[in-house]
Structures are given as C-alpha cells and as structure tokens.
Amino acid sequence: MDFADSPIDAQFRAQAREWLAAHAPVTRGRGRVAWPDDATLVAAAREWQSKKAAAGYAAIALPREYGGGGGTTTQQIIFRQEEERYDVPFGVYEIGLGMCVPTLLALGSDKVKERFVARAISGAEIWCQLFSEPAAGSDLAALRTKAVKTGENWLVDGQKVWTTGAQFSDYGLLLARTDSSATKHAGLTLFIIDMRAPGVEVRPIRQLDGGVEFNEVFLSGVMIPDEFRLTVPGGGWAGAMTTLMFERLNVGANIGLIDSSTLIDISRRLETSTGRASDDPHVRDIIAQAYLNDRGLKLLTYRTLTNLGRGQLPGPEQSITKLVIASQAQLIANLLLDLRGQEGALVGSALGDGWEAVERSWSFGAAMRIAGGTDEILRNVIAERVLGLPAAKRDDTTRPFNEDAA
Amino acid sequence: MEFDFSEDYRLLADQLRRALEEAAPLEAARKTVDTGQINVTAWELLGEMGILASGISTDFGGNGLGPLPLCLAAEAIGWSVAAIPTASLYHATPLIQSCGSPEQQDRWLPALASGSATACVATDSALAVEDDHITGVISPVSGGTGASVAIVRANNQLWLVDMAENAVEQEALESRDPGRQLCRITFRNTPATRMTGDDADLALNHAVVCVAFEQIGGASRALNGAIDYSRERRAFGQTIGSYQAIKHKLADIWTKIEIARAHAMYAAWSLGTGAVDLPLAAAAARASATEAYLFAAQETLQVHGGYGFTFESDSHLFYRRARALAACYGPAVEWRSRLAARLIAGETTKH
Ligand SMILES: Cc1cc2nc3c(=O)[nH]c(=O)nc-3n(C[C@H](O)[C@H](O)[C@H](O)COP(=O)(O)OP(=O)(O)OC[C@H]3O[C@@H](n4cnc5c(N)ncnc54)[C@H](O)[C@@H]3O)c2cc1C
C-alpha cells in the first residue's frame, strides 16, 4: 500500500496547488458562497472557467485538441481535491463537462465535436441535460417528448422538467421519442438542442430552499437540424446510458454537503441547555458514525484512484457515495438544527457563522437523494449489477410504447 | 496511489480462503456449536502457512512478516467461521512480542510461532500480587481454555503466568458461540513473572484490526449465502431476490461491508507501518466492522425466512460469531465513544 502520488502526479499536484494559490479566489472556509443571482454566478463561473481553460485545468482528462488538459482522470481528481480548498464558483459547468461533453466526444460526428467541445471547455457555452419529464424520472424511458423528422430537420414537441441550469444554458442534450410504435426503449433518439431556438421556453421552478436552479422546459415546434442528432434514430437509450455512465464516472464531484467535520466543528462551539453539544453522548455517537461513513467514502475514493492507476475503470464502489452522503447530510443537519431548539426553525442566515451550510444540507440533502438516481434506484442498481440479483419482473418493455401510454 | 494489498498478498488471501474452506467447512462450524471443539486441522494449517509465525520476529522463531498476512488470515477465518483460538494470535502474541522480557519472549514466542502453545490475555480487571504471586479470579477470558500461558494485570503492570502451574484453575463457561471459548481462570497465589513493557495499547489495536478483518470475512460470507438463497427461493411466483425489500436489504449490507473493508484496510496499513494514527484508524475499523457484521448476520438470517432460524441453516453460525466478535475487546458503543473523543480532540489520519 502506498498513498503517495506517482512522481508525475505529484508534480501535477504541486503545479496545480501553486497555480490555484495564485489564481483562485480567497479561501473562505467551509460552505459555498451564496450567489445573489444567476447573472453574478454565471459571470464569476465564466471568468473562473476561462482562467482554468487557459492553464489547461478546465477539463483535465479531455483531449488537448479540444482545449482539454490531455491528462488523466486521476489528475482530474487531484485538481478537484486541490480546488476544493477554495470557494470557487461551482455548479455551472458540472453537467456540461461531466456529462454532456464526454457524450459528445463518444457519440458526436467530427463536425459536432469541432463545433461544440472546445467552446464548452473554455466556458464560452454552457450545457444542460434534458432527460427527465413529468411522467418520466426514474423510469426515464417512459418519456413522451416527440421528435418527428421533417425533411432535413426534426420537429420537437413536449415538456422537460428538473432541467438544472436551463435558464443560462446555450445547448442541451435532449432525449426524445422518435418512434412511438416501437417498444419503450427502442423508440428514443439523443439530440443536441439549441436552448435559444424558437419554441424553447424555460420556466424556473421554485425549489424547497427558495432557489431556482432547475426548470421546466416547454418545447413547441422546436427545429433541430439532423446534424445535431447524436445517435441513430431509435438508438437513444444506449446514448443516454453513455451519458449516465459519465455521470457515475464523474468521481469526486463535490456536491457541497456538510459532513462529520462540520458536525464536530459546530458542536464543539455550541452550548445547549445541558452543556456543550460535543459532550453529549448522543451527539458523540453520531459524530463517530458520520465519520465512519465519510472517512470510509474517502478511502473508497483511494480505491477508485488505485483502479484508475491500474488502467481499470472505477468499480461499483462509486455508486455508494451519493447513497451514503446525501441522507447523512440530512441527518447531521437535522441534529444540529435540533440542538438549537426553537432557534433551529429560523433561516440559516439568522443562526450565525457556518449555519447557512447546515441549512443548505437540510434542504439540498433532500434534493441529492433524488437527483441523478434516487436512493431507491441506486439500491436497485447495486443489487442487480453488483450483487447479481434478478431484475424485477415488468411488463412495460415488450409492447409498442403507444399501446402502453394510451 | 496504491490502496490495496500487493499482488502477492492478494494471492495469499485467496490461498488462505480456499485452504480454510476445506479445513474448516461450515459443516464443521455447525458441529462445533455442539462440541465446542477447536478445529485443530485449521490451526495446524495456519501454522504450516506461516501465519502463526508472521507477527513474531525472526529472533524468536517467527518469520517477521508483520501483521498483514495475519489480517488476511483473519478474513479467511471469518469467512469460514473457523473455531480457532484467535485471541492467542491476534492479541496475546503481539502483547508478548511488544511487552515481554527477553526471557519471556524466548520462553514463549517460539512455541506460539510453531503453534505448539497458545496464550490468552486476561487483563480485564486487576488481580492481587504479592511477592510475584498472583491471586484472584478473572472471567470471562477469551481463548483461556487450554492456553499454555496467560497475561494478567496486577499493580498497574502486566504479568505472565505459566498455566501449567498447579495453583491455576480453568473452568469453561457456556457461551453463545462455542467456536469462541470463554472460561473463568482462578489464580491462587500462582507464581508470575513481570513483563517489562506496560503499553498494552499497540497489542490491543493489533487485535481489533485483526477482528475487523474477521468480521468482514464473516459478513461477506453471510451476504454471499443470502444472495444465493434469494436467487433460488421463490414466493408469489418470483424469486425473492427480485423483490425490492430483499434487494435493498442486501444492497445496504454490501454498502456497510465495503465501507468497513476500506477502514480495515487503512488500519492494516497503519498497523504495518507503525503509523501514529493507528489508535484512530483501529477504532474506526473496529466500530465499522462490528456494525457491518452484526447487521449482515441479522439481516441475512431474515432473508432465509423460517429456515434461517433452524440449526441446519448457516445463518446462526454468522449470528453467533457476529455477537461473539462484537463482545470481545469492549463494546461497539465504547469504541465509537473513543473514536468521537479522538475526533473532537482534533486527531486526524495521516492520509
Ligand atoms: C436537484 C435536482 C436536479 C435535477 N437535475 C436534472 C437535470 O438537470 N436534468 C434531468 O434530466 N433531470 C434532472 N433531475 C431529475 C432527476 O433525475 C429525477 O428527479 C429523478 O430521476 C427521479 O425521478 P422523479 O422525480 O420523476 O421521481 P419518480 O421516478 O417518480 O420517483 C418517485 C419515488 O418513487 C421511487 N421509485 C421510482 N421507481 C422505483 C423503482 N423501480 N423501485 C423503487 N422505487 C422507485 C423513487 O425512488 C422515488 O422515491 C433533477 C432532480 C433534482 C432533484
């Protein structure tokens, strides 16, 4: 066993560290900066992204010919570990660079790659993912948005929902049904959609936490040129699975939730009616349990790095992370808020230093148990793909979709 | 980054598991529940494979390979639910190695390395000592039955007692897992020799890291059995493994085992390199593996339905052993509390 970076990676880390120290915004401790509005966030994110792009840190594992860093996934993770220490604008490019661009590289024509990849990496264009619909979330293949071929174009009608970042995105990956008479999974096709095209209407959805990060997207007679098609007609399911695989491989992506260190930090300073919170046996027990989980996940990332170093893909251990971390963030946030008694019902900004991050985990922890595969679906995935248990019997996959949906 | 055992060790782990599956099949573990007999074949096998000698320096008949082979063996012992006096291997041997006088080491380590002797640690409460003679009762002691030598605590020091002395009495106790024997030892003015070191923590941490591997091995075998069973057993026209209540249960067990394994692996590294973070790493490994095995044993039994409650099924073997392993070296709540205290005090791991 050896925890050291390889000499090349160590050099990479040292350079990244030095570069970040010179260029990243000031460290502001734990918890993310709250941005007053989208425009400020996007402007800050764009600036940060272009700085990173100029230095080769924007998309470290993507090829140089498109403006990527030409490095390895390991180096991508190393950079993230270092970048973590700074309060950099976060979230705007995650979907584009983590999921959309790898999909374009895997499935797109040369023309598509040339047109889109470099601009996505430099931060000039922002991407979103239009998969989920009101009647198709976990059961994504139930989606109904239709794309019909008319001459050299496709005409799209339908509605997407929960589309993160649609309000400031330039392009999106769109999964649509192109053949309703085929079976559920066989009638889908994956496209690139221009989010500024006529007929695209983005309506923000107000969230539990008051934020408006995701949207409903109404599509009425939107034209998509055939050259924006990423899979053969009917091949969209496999294409979408490619995208979701990249989502899973997006190792170490920071979802900004609190962990045991926040619990320790705050409970050490917090006086309750029965004394210091960190002296309470129940609090101590949760500290221990939370540490076991998040330290365990960190060690599992070491295992992923080990696999990557051996030229293997990350193993199934990656599916554990979100499953464990999101519900735990809820648990820790609830415990901390509970310790504040009646005050715990106040908004985070009224609770003092560090409490906005707690409040964010209280709300966003709930979201992260749903986004990118719910806890329940992740357990199914572990049971079926890792442990080899049989899939549930279902009767929706063999009939033509239009018979099922009727 | 190489967070894994070396290829040689991975091969050794494989060999150990297969050899112990043969020397200590689950059928033997079931018999042990009635007989309380140690599995001598398995013990000898560990001797032949150099495991008994691995924590012992070459000066005293060991092979000086350090704790890693032992961790791998512990996982295989857990996997086979073997009836082996592990306390001697995990705890007493490293304690004599770290705290024994040269004479004591010379007297006992070669015999422990060859497997001709076993030792036990009976330090849970202090005994009376006068003129190098020990008096008192200590109970329950793990692995005390048949041990050739006992380590006891008196007057804030560790002492070695040769169990062949006349003034010692061992009485077997009835325990829930007869594969892990417990006994009461009575000393009546029994001659003892003082150990030179009194830092018992290293050996204790060594022991709990080994037990963590044993717990992970047991939990993994229990999970495997439940997966097999849930793919075959049918109810309401389907295999039960296609039902989500079963799937999610097994997914949760797997998740706990993976996390516990990661902790155990790190603790093994810490132990093997003498890192300063061993107390923290060992406590994490101990707490995490205890929870994983208790949960796995209990929930995989549930997956077997009524059959899981029979003597014929394997479930009770894991259920018993999980309880026995949770009970040794202090309860899980205490380990979690110790862990929390270290974290609150600002302790961190090296990597
Ligand atoms: C913050 C956030 C951001 C998002 N961003 C995007 C985005 O950018 N683009 C995008 O396309 N989508 C996005 N989503 C949508 C997300 O992928 C879906 O919400 C998710 O897949 C669940 O689908 P659903 O909401 O329709 O819930 P449903 O699928 O209706 O699930 C409802 C409940 O039923 C359970 N359930 C469903 N099927 C099963 C089953 N087979 N077994 C057991 N339980 C089951 C679920 O676990 C859940 O508890 C986002 C969601 C959130 C919360």
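The convex hull around the C-alpha trace of the stretch A:125-238, projected and averaged over every direction, spans 6.9 square nanometres. Once the 1.4 Å probe is applied to the protein heavy atoms, the stretch A:5-90 comes out at 53 Å² accessible per residue. Inter-label distance, A:ARG144 to B:LYS350: 6.1 nm, where each label sits 7 Å from its Cα along the C-beta direction.
Solvent-accessible area of the stretch A:255-406 (1.4 angstrom probe, protein heavy atoms only): carbon and sulfur portion equals 51 percent. Summary of the geometry: the stretch B:81-128 and the stretch A:244-319, compared by the centres of their Cα atoms, lie 37 Å apart. Karplus-based coupling profile of the stretch B:49-58, in residue order and whole Hz: 7, x, 6, 5, 8, 6, x, 10, 5, 5, with θ = phi - 60° in 6.51 cos²θ - 1.76 cosθ + 1.60 and x standing for Gly or Pro.
So what is the accessible area of chain B per residue, in Å², with the probe set to 1.4 Å? Can you show the working numbers first?
Numbers: 14100 Å² over 351 residues.
Normalised by residue count, the accessible surface of chain B is 40 Å².
A:LYS113: which aspartates and glutamates have alpha carbons under 18 Å from its alpha carbon, excluding same-chain residues fewer than 8 sequence positions away? Partners within reach: A:GLU65, A:GLU125, A:ASP170, A:ASP194, A:ASP226, A:GLU227. If you take the beta carbon distance between A:ILE205 and B:SER139 as r and set R0 to 45 Å, what does 1/(1 + (r/R0)^6) give as a FRET efficiency, to the nearest 0.05? Calculated transfer efficiency: 0.10.
Taking the 1.4 Å solvent-accessible surface of the stretch B:1-66 as the whole, the part contributed by carbon and sulfur is 48%. The mean accessible area for residues of the stretch A:125-238, using a 1.4 Å probe and ignoring ligands and nucleic acids, is 40 Å² per residue. Hey, how many Å between the Cα centroid of the stretch B:231-290 and the Cα centroid of the stretch B:303-326? One Cα centre to the other: 18 Å.
Across the stretch B:198-211, rounded Karplus estimates of 3J(HN,Hα) from the backbone phi angles (6.51 cos²θ - 1.76 cosθ + 1.60, θ = phi - 60°) give 10, 8, 8, 5, 4, 5, 5, 5, 4, 5, 6, 5, 4, 4 Hz, Gly and Pro being marked x. Comparing A:PRO36, A:PRO134, A:PRO25 in a Gaussian network model of chain A (Cα springs below 10 Å), the most mobile by mean-square fluctuation is A:PRO36. For the stretch A:190-221 versus the stretch B:8-47, the inter-centroid distance based on Cα atoms is 61 Å.
Residues in the stretch B:118-123 carry Karplus couplings, in order, of 10, 10, 10, 10, 10, 10 Hz; the curve used is 6.51 cos²θ - 1.76 cosθ + 1.60 with θ = phi - 60°, and Gly or Pro positions show x.
Exceedance of the 24 Å cut-off in Cα-Cα distance is limited, within the set A:LYS160/A:LYS184; A:LYS146/A:LYS184; B:LYS31/B:LYS256; A:LYS146/A:LYS393; A:LYS184/A:LYS393; A:LYS52/A:LYS160, to B:LYS31/B:LYS256; A:LYS146/A:LYS393; A:LYS52/A:LYS160.
Annotation: the stretch A:339-406 has a Kirkwood hydrodynamic radius of 16.0 angstrom, from the mean reciprocal C-alpha pair distance. The interface between chain A and chain B buries about 4200 Å² of solvent-accessible area in total (1.4 Å probe, ligands and nucleic acids excluded). In terms of overall dimensions, the C-alpha atoms belonging to chain A reach 72, 48, 45 Å along their principal axes, ordered largest to smallest. Projected onto their three principal axes, the Cα atoms of the stretch A:252-308 cover extents of 50, 20, 11 Å, largest first. Each principal axis of the Cα atoms in the stretch A:276-322 has its own extent, and those three values, largest first, are 49, 16, 9 angstrom. Grab the DSSP H runs of chain A that are 4 residues or longer, score each as -39,500 (n - 2.57), total them, divide by all residues and round the 222 nm result to the nearest 500 deg cm²/dmol. Result for chain A: -13000 deg cm²/dmol, rounded to the nearest 500. In the stretch A:1-22, burial by the other protein chains removes 30 Å² or more of accessible area from A:MET1, A:ASP2, A:PHE3, compared with the chain on its own (1.4 Å probe, ligands and nucleic acids ignored). Derived from the Cα gyration tensor, the three semi-axes of the equivalent ellipsoid of the stretch B:201-344 are 32, 14, 12 Å, largest first.
Relative contact order, percent, of the stretch A:207-354 when contacts are C-alpha pairs under 8 Å separated by at least 6 residues?
Working: 81 pairs, mean separation 32.9, N = 148.
In percent, rounded to a whole number, it is 22.
The Kirkwood radius of the protein assembly as shown, taken over pairs of alpha-carbon atoms, gives through the Stokes-Einstein law at 20 °C and 1.002 mPa s a diffusion coefficient of 74 µm² s⁻¹. In plain terms, if you count all Cα to Cα distances in the stretch A:254-385 and split them into 10 Å steps from zero, the share in each step is 12, 38, 31, 15, 5, 0 percent.
Each other residue within a Cβ distance under 14 Å of A:ASP157 adds +1 if Lys or Arg and -1 if Asp or Glu, for a net charge of +3.
When only Cα pairs below 8 angstrom with a gap of at least 6 residues are kept, chain B shows a relative contact order of 16 percent. Taking only the alpha carbons of the stretch B:7-194, we obtain Rg and Dmax values of 16.6, 52 Å in that order. Ligands, DNA and RNA left out, the accessible area of the stretch B:201-344 computed with a 1.4 Å probe is 54% carbon and sulfur.
Each Cα pair under 8 Å and six or more residues apart adds its separation to the average, and for chain A the resulting relative contact order is 13 percent. Around B:VAL168, under 13 Å between beta carbons, what's the net of Lys plus Arg minus Asp minus Glu among the other residues? Its environment carries a net charge of -2. Under 5 Å from the amide H of A:VAL161 lie the amide H atoms of A:SER132, A:GLU133, A:VAL217, each residue being 5 or more positions distant or on a separate chain, with H modelled from the backbone and absent for Pro and chain starts.
The values are calculated or read from the model by the stated rules, or taken from the named source; none is laboratory data. Note that this is a predicted model, so its numbers are computed, not measured. Backbone-built Cβ (ideal geometry, glycine too); neighbour counts: all protein chains shown. Accessible surface areas use protein heavy atoms only, side chains included; no ligands, DNA or RNA. Shrake-Rupley method; radii C 1.70, N 1.55, O 1.52, S 1.80 Å.
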